[in-house]
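To keep things clear, I will list the structure first and then write my remarks on it.
The values are calculated or read from the model by the stated rules, or taken from the named source; none is laboratory data. Not measured: the values here are computed from a predicted model. As a convention, Cβ positions derive from the backbone with ideal geometry for all residues, glycine included, and neighbour counts pool all protein chains shown. Remember, those area values only see protein heavy atoms, side chains included, never the ligands or the DNA or RNA. Shrake-Rupley method; radii C 1.70, N 1.55, O 1.52, S 1.80 Å.
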Amino acid sequence: MKLASLKHGRDGRLVVVSRDLSRYADAAAVAPTLLAALDDWAAAEPRLTEIADSLEAGRIVHAPFDQTKCASPLPRSPGWADGSAYVNHVALVRRARGAELPASFWTDPLMYRGGSDGFIAPRDPIQIGDTAWGVDLEAEVGVIVGDVPTGASASAAAAAIRLIVILNDVSFRNLIPGELAKGFGFLQGKGQTAFSPVAVTPDELGPAWDGAKLVLPLLSTLNGAARLRHGIEPRRRRRAGQTDRRGRCRLFVHRRTSLGRDHPAWRAEDAVPQLRRPRPHRDERPPRPLDLRRDRAGRDSFRMRPAFAAPSS
């Protein structure tokens, strides 16, 4: 099942989206927003599934699905946690700002809580005050969970996963070193996060979902280069509707182009990249990888074409 939130008020309007991302059906009879559905997931999920089945069979009123009219699936969230599962990545980040990697990072992954009061819509521009901040994109996989008590076991935390998303975690690299030097964590150095137009239930991923994580490489390209992969992250207490990161991938491109910092190409538009099953790739091995693509759509902007679709038959 694929769920989306059309732009409406602060929390959007919940809709169910077809598997091919071409149509949607209103879900107001079940819950007005995705957050409301998550608060009573046991009751809402089967009813939303009925709508999804009827939509696929053409038995329900529907309309064309337009990603430009979508907010992030959760336009805002009770919480937002970011964890780094790749130690090599953390080492590179710290080296870039002249910091050593503590030995504890090999056994105690880095984690912080970010702002969740508002997320960027998938096709909306990334708002920055100055390109000198060093805007950077980060392609990541995340999960939306229900209530998770403090100290929950790995199996209990996995059972609380409701939906899976992809996202662009925006960072301002030139602000981060000075901010972290204060010893109090990220605030100004992180922009608003942008999510994919749809969030999917684990069953949409078939055998690629092992019950706790997505068993596929996350391939990310910028103008045909910079391919990376995703992983997993540790756990902590969560509330229903809270977003969480299941590992992260980063692209250290800082919008560097031959056009210079002042050129409009440094502005980031359509903030969420594309996640789809691609044509066979030279290093493809079963199961087939998901492809996270970021394509340039002209000399005056960078555009990301978001999707979360199954392979066409």
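Filter the stretch 79-106 down to the residues that are of a type in the set (S, T, N, Q) and modelled with pLDDT under 80, then identify the one that is least open to solvent (accessible area, probe 1.4 Å).
84
Any idea which of (1) open to solvent by less than 50 Å² (accessible area, probe 1.4 Å); (2) polar (S, T, N, Q); (3) within 22 Å of residue 166 (Cβ to Cβ) is the one residue 54 doesn't satisfy?
Evaluating residue 54 over (1) open to solvent by less than 50 Å² (accessible area, probe 1.4 Å); (2) polar (S, T, N, Q); (3) within 22 Å of residue 166 (Cβ to Cβ) leaves (3) as the failure.
Does residue 164 qualify as being touching a residue at least 24 places away in the same chain (Cβ under 8 Å), open to solvent by less than 50 Å² (accessible area, probe 1.4 Å) and under 14 Å from the mean Cα position of the chain (by Cα)?
Here the answer is yes, as residue 164 does meet what is asked.
Suppose the filter is touching a helix residue (DSSP H, G or I) at 6+ places or on another chain (Cβ under 9 Å), on the phi < 0 side of the Ramachandran plot, open to solvent by 20 Å² or more (accessible area, probe 1.4 Å) and not hydrophobic (A, V, I, L, M, F, W, C); does residue 149 pass it?
When the stated conditions are applied, residue 149 passes them.
If you scan the stretch 57-68, which residues turn out to be within 22 Å of the chain's Cα centre (by Cα) and surrounded by fewer than 19 Cβ atoms within 10 Å (Cβ to Cβ)?
Within the stretch 57-68, 66, 68 meet the criteria.
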